[in-house]
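Derivation of every value follows stated rules applied to the coordinates shown; laboratory data play no part. The model shown is predicted, which means the values in this text are computed figures rather than measured ones. All Cβ positions, even for glycine, are placed from backbone atoms using ideal geometry, and neighbour counts span all protein chains on display.
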Amino acid sequence: MDVRLFSSVAVAGIPLLFVVIGLVTWIGDLGVTGRGKLIASMMIGLVLGAGYQISQSMPVDFAGWFAVIVYGLALGIVASKVYDTGRALIEQGFRLGRLPLIEDNEPETPASFLRRAEPPVK
């Protein structure tokens, strides 16, 4: 599956893949984890991907609707796996000692690194 297909799709100038990844991250912040988060990411991808496809052209036959569903499922899979891969790379960097230490020279955890990287909530 070529991720570039999804990275070029934008709604109002915003890449749809980033919206899906952002929503998956947001539901994780709400406490959804594990299979629930995986199912939610698939549903988000399905709804937004199908919505995008329908906004481009309303399907009129089975082939059109099938393409809408497959596109939405693929967007959900790509978004959840991009998120998981990024998280795994960060965790691997910590295990290998290749990510920075915090001020008191104690090793930082993946969660604290991600919290520092996120903008403060106002």
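Over all distinct alpha-carbon pairs, what is the Kirkwood Rh of the stretch 4-96 in angstrom?
Values: mean 1/r = 0.0719 Å⁻¹.
Hydrodynamic radius (Kirkwood, Cα only) of the stretch 4-96 equals 13.9 Å.
For Ala10, the residues whose modelled amide H falls within less than 5 Å of its own, excluding neighbours fewer than 5 places apart on the same chain, are Leu16.
Along the axis of the charge dipole computed for the stretch 4-96 (Cβ charges of +1 for Lys and Arg, -1 for Asp and Glu, origin at the Cα centre), the listed residues Leu73, Tyr52, Ile21 are led at the positive end by Ile21.
Taking Cα centre as origin and charging only the Cβ of basic (Lys, Arg, +1) and acidic (Asp, Glu, -1) residues, the dipole magnitude of the stretch 4-96 rounds to 220 debye.
For the peptides 57-63, 35-41, the ranking by packing is 35-41, 57-63, with the highest mean count of neighbouring Cβ atoms within 10 Å listed first.
Take the Cα of Met58, step 7 Å toward its Cβ, do the same at Ile90, and the gap between the two points is 4.3 nm. Extending 7 Å from Cα along the Cβ direction at Leu38 and again at Thr25 yields two label points whose distance is 2.2 nm.
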